[in-house]
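The values are calculated or read from the model by the stated rules, or taken from the named source; none is laboratory data. What you see is a predicted model, and the numbers here were worked out from it, not measured in a lab. Cβ: placed from backbone, ideal geometry, glycine included. Neighbour counts: every protein chain shown. We work out accessible area using only protein heavy atoms, side chains counted, and drop any ligands, DNA or RNA first. Shrake-Rupley method; radii C 1.70, N 1.55, O 1.52, S 1.80 Å.
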Amino acid sequence: MGKNDIDSRTKRSLLRTMVRIREFEDSVGEMHLRGLTAGSMLHLSVGEEAIAAGIGLAMQEGDVFTTHHRGHGIFIARGGEMNRMMAEIFGKSDGYCRGKGGSMHIADVHYGHLGANAIVGGNIAIAMGGGFTQNYRKTSNVSVAFFGDGALNQGVLYESMNMAALWDLPVMFAVVNNQYGMGTRIDRASASQEFVKRGESFGLRSLQVDGMDVEAVYQGANRLFEHSRSGKGPTFFICDAYRFYGHGRKDPSPYREKNEEKKWWDRDPIPAYKDTLISADLISDADYQEDLDAAKAEVADAVEFAKNSQVPEENDLYTYVYVDPIDASGTIG
Amino acid sequence: MSVMMYREALRLALYEEMKRDDRVFLAGEDVGSYGGAYAVSRGLIQEFGSERLVGTPISEAAIIGMGIGAAMTGLRPVVELMYIDFVGLAMDQIANQAAKFRYMSGGQLKIPMVMRMQGGTGRSAGAQHSQSLEAWLVHIPGLRVVMPASARDARGLLKTAIRSDDPVVFIEHKGLYAKKEEVPEEEELVPFGKARIARSGSDVTLITYSRMVYTALEAAEEASAGGIDVEVIDLRTLNPLDYHTIEKSVRKTGTVVVAYEAHRNVGMGSEISARIGEELMDVLKHPVVRIGGKDVPIPATVLEKYSIPQKQDLLEGIEQAAGR
Ligand SMILES: Cc1ncc(C[n+]2csc(CCOP(=O)(O)OP(=O)(O)O)c2C)c(N)n1
Ligand SMILES: [Mg+2]
């Protein structure tokens, strides 16, 4: 087996991770339509599972990351527990953020998740700072900023890429390019589509792959991480995929051509990969069914858990504003 | 005690804290071999090297964002914006990220980061290099806002800020850097949320902070010659605000002047006078007198001094409050 070959256990994990994400997201979408989720905003990563699984499984213990507002799948790929994720999305006390964050702000220190972010591009410099720490402490860990194509035109991205390259920080700038920022197609927002050049011009090792091909993502991520882990600095990784649903779950996407949507649905990363693994005899139909059933059960449990979790109480409003609340009797602070 | 300049007191705090804790580092534009725009970090790079005296590109958003990420992952960054006037370039990172992540994460993440910045008039630096923008930051829950007036407090508060587990905005005044004062030899940490009685008095409470403390003290001296005994409160930290000390003094004097260099409209003094009006109306002998900077962009050259409160303005305010 060559250095870049993927062993069959990993292949099954890649598929299983994508299936788990899809099941979770479909269920979250359903719960949202039924009015069980907290808040009006819900962004699903259906169609982007190969990016989450491919990069997520190439990451290692001790690595840290931040995500954009469409980050459920990425966190599942990094170990996120569906129970606590679902509870957070429901706005309940057992959620990762005790119901204070919601879908767009899930964070988990234990798995190195430095927070999902609802400011487009807002998470990027923070991940760069995670890389600063890794460099300061001379670890071989990496830090990943996941963001959408919409953030490609935010200034802070280029400030951060420059700083990371200047100091050889082990940071991956990972673009989940789903072709749209809300209703604006990428070519209507970006003057040039040659994004790899943007990374290269800052001195980042840069790569663009088919984000519907989970193995291409996984192998690309491994190569780029190796670069950073060996002290050679940051990388820029753009993965092309598609947002299968609307911007929010309820957005019917009138600004997209139906045949464009169909073209991408036909490239759905999950069935294609399942077929590849089965026809190569790497997994059986029964293996796949087992993984699918387990994912469905896990998601059903998560929904039950979230439904049964307590709603936060009014007093909880005031906790965790500060580490040290300091009583000076000023209403300020 | 040894006598040192405000900037030297800040440098001493940085030196002491960096010696004590190797997680502490300073990052900002020209903080390294240049020594900082106002020479606060001069010489520190020789002691700590460029790994810990990190000169950055001119990228305010990424400077703060980098600090947030570094703080979340276990370091204790002190990041510097050369002028508070540049805070707009980093406001998303400060207000939406640093201030909110502890809360949004349900207490999981903490951001032990100090954001040093410098403001105020006095050097005719013009409209984009002279502002007092503390109100923008005091408005945001999740941040601490510290504004030392004295060299002693500059050192003691910066040390407390560096040891705080919350994000702290630490605002220095450019007009104070060369001011010399006594600073104790031994280590001193000045707590947040404790105002300082800079001068005690019984007739009028004059509430202020940062460089305006000195103008207030001069005005108080002149007022006392005219028989008005003024108590000057140096707030030291705007968040947390030491309302105890304010209340105690106002109950004693029943007469209040608030004075601040920032634009008068919706400034820190607006909040303080509103609160006194809400809670202490029964002891007030006269409406609170609020003195702030003029609501105009700050002009360069000779016009600058007309835009901010002068001793005479404070003196008139004191007399007005005292019913003279
Ligand atoms: C700074 C900022 N500007 C605008 C918005 C509103 N907004 C939310 S998501 C979005 C589109 C983002 O597109 P992209 O980065 O490609 O992510 P996607 O939603 O496609 O995953 C916009 C404009 C925002 N949240 N933050
Ligand atoms: Mg997009």
Set Lys and Arg Cβ to +1 and Asp and Glu Cβ to -1, take the dipole of chain B about its Cα centre, and tell me which of B:A90, B:I171, B:S2 lies farthest positive. B:A90
Amide hydrogen neighbours beyond the local backbone of A:T235, cut-off 5 Å, H modeled: A:V171, A:M172, A:F173
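Can you compute the charge dipole magnitude of the protein assembly as shown about its Cα centre, using +1 on each Lys and Arg Cβ and -1 on each Asp and Glu Cβ, nothing else charged? Give it in debye, rounded to the nearest 20. Kindly include the intermediate steps, with their values, before the conclusion.
On the way: 72 positive and 89 negative charges, 174 e Å.
Once rounded to the nearest 20, the dipole reads 840 debye.
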Residue-by-residue Karplus 3J(HN,Hα) for the stretch A:227-244, coefficients 6.51, -1.76, 1.60, Hz, glycine and proline x: 4, 6, 5, 8, x, 8, x, x, 9, 10, 10, 10, 10, 8, 9, 8, 8, 5
Quick check for the stretch A:10-316: number of Lys pairs with alpha-carbon distance under 14 Å, counting only pairs 8 or more apart or on different chains? 4
Would you work out the charge dipole size for the stretch B:196-321 about its Cα centre, treating the Cβ of every Lys and Arg as +1 and the Cβ of every Asp and Glu as -1, and quote it to the nearest 20 debye? 200
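Tell me, what % of the accessible area of chain A is carbon and sulfur with a 1.4 angstrom probe?
On the way: 6510 of 13540 Å².
With neighbouring chains kept in place, the figure for chain A is 48 percent.
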Hey, any idea what % of chain B's accessible area is carbon plus sulfur with a 1.4 Å probe? 50
Could you calculate the contour length gain from A:V109 to A:E260, that is, 0.36 nm times the residue separation minus the distance between their Cα atoms, to one decimal place in nm? 50.5 nm
Given the Cα-Cα distance of A:R9 and A:E30 and 0.36 nm per residue of separation, how much length would full extension add, in nm? 4.4 nm
To the nearest 0.05, what FRET efficiency results for B:E47 and A:Q60 with a Förster distance of 51 Å applied to their C-beta separation? 0.90
Leaving ligands, DNA and RNA out of it, rank B:R211, B:R42 by accessible area with a 1.4 Å probe, largest first. B:R42, B:R211
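Sorted by packing (mean other beta-carbon atoms within 10 Å per residue), highest first, where do B:6-15, A:194-203, B:123-132 land?
Working: B:6-15: 23.9, A:194-203: 16.1, B:123-132: 18.5.
Ranking the peptides B:6-15, A:194-203, B:123-132 by packing returns B:6-15, B:123-132, A:194-203.
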Let me check something: with ligands and nucleic acids excluded, how do A:K274, B:K19, B:K100 order by accessible area (1.4 Å probe), largest to smallest? B:K19, B:K100, A:K274
For B:K285, which lysines qualify as cross-link partners when the Cα separation must be under 21 Å and same-chain residues fewer than eight apart are set aside? B:K248, B:K252
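Run lengths n ≥ 4 of DSSP H only: what is the helix-derived mean residue ellipticity at 222 nm for chain A, with -39500 (n - 2.57) per run over all residues, to the nearest 500? Provide the component values of the computation, followed by the final result.
Values: 12 runs with 145 residues, N = 333.
Helices in chain A give a 222 nm mean residue ellipticity of -13500 deg cm²/dmol.
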Quick one: what are the phi-derived ³J(HN,Hα) couplings along the stretch B:311-324, Karplus 6.51/-1.76/1.60 with θ = phi - 60°, whole Hz, x for glycine and proline? 3, 4, 4, 5, 4, 5, x, 4, 5, 4, 5, 7, x, 8
In square angstrom, rounded to the nearest 10, how much accessible surface does B:Y38 have for a 1.4 Å probe? 30
For the stretch A:241-333, which chymotrypsin sites (Phe, Trp or Tyr not before Pro) are in a loop by DSSP, counting at most 16 other Cβ atoms within 10 Å? A:Y255
Quick calc: nm separation of the 7 Å Cα→Cβ label points for B:A178 and A:V196 -> 5.7
If unit charges are put on Cβ atoms (+1 for Lys and Arg, -1 for Asp and Glu) and the dipole of the protein assembly as shown is taken about its Cα centre, the option from B:L44, A:A145, B:G142 lying farthest towards the positive end turns out to be B:L44
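How much accessible area is lost when chains A and B come together, counting both sides, with a 1.4 Å probe, in Å² rounded to the nearest 100? Walk me through the numbers before you get to the answer.
Working: alone 15630 and 13450 Å², together 24970 Å².
Separately minus together, A and B give about 4100 Å² buried.
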Separation of alpha-carbon centers, the stretch B:35-112 and the stretch B:174-251, rounded to whole Å: 29
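On average, how many beta carbons from a partner chain sit within 10 Å of the beta carbon of a residue in A:163-170?
On the way: counts 9, 2, 0, 3, 5, 0, 2, 0.
Other-chain Cβ atoms within 10 Å of each residue's Cβ, averaged: 3.
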Per DSSP H run of at least 4 residues, take -39500 (n - 2.57); add these up for chain B, divide by its residues and hand me the 222 nm value, nearest 500 deg cm²/dmol. -9500 deg cm²/dmol
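Suppose every Lys and Arg Cβ carries +1 and every Asp and Glu Cβ carries -1, with no other charges. What dipole size does chain A come out with about its Cα centre, to the nearest 20 debye? Before the final figure, lay out the partial values.
Values: 35 positive and 46 negative charges, 156 e Å.
Magnitude of the dipole: close to 760 debye.
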Between the stretch A:305-327 and the stretch A:192-243, what's the alpha-carbon centroid distance in Å? 39
Report, in whole Å, the centroid distance computed from the Cα atoms of the stretch A:249-279 and the stretch A:144-184. 25
Roughly what would the spin-label model give for B:D229 and A:D301, points 7 Å off Cα along C-beta, in nm? 7.3
Which lysines, if any, have their Cα less than 27 Å from the Cα of B:K180, not counting same-chain residues under 8 positions apart? B:K19, B:K159, B:K194, B:K305, B:K311
Which whole number gives the average count of other chain Cβ atoms within 10 Å of the Cβ atoms across peptide A:191-200? 0
Name the residue farthest towards the positive end of the dipole of chain A from the options A:I326, A:I124, A:Y218, assuming +1 on Cβ of Lys and Arg, -1 on Cβ of Asp and Glu, about the Cα centre. A:I124
Residues losing 40 Å² or more accessible surface upon assembly, the stretch A:128-143, compared with the chain by itself, 1.4 Å: A:F132, A:T133, A:Y136, A:R137
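Can you work out the accessible area per residue across the protein assembly as shown, with the rest of the protein chains kept in place, probe 1.4 Å, in square angstrom? Write out the running numbers ahead of the final one.
On the way: 24970 Å² over 657 residues.
Per residue, the protein assembly as shown has 38 Å² of solvent-accessible surface.
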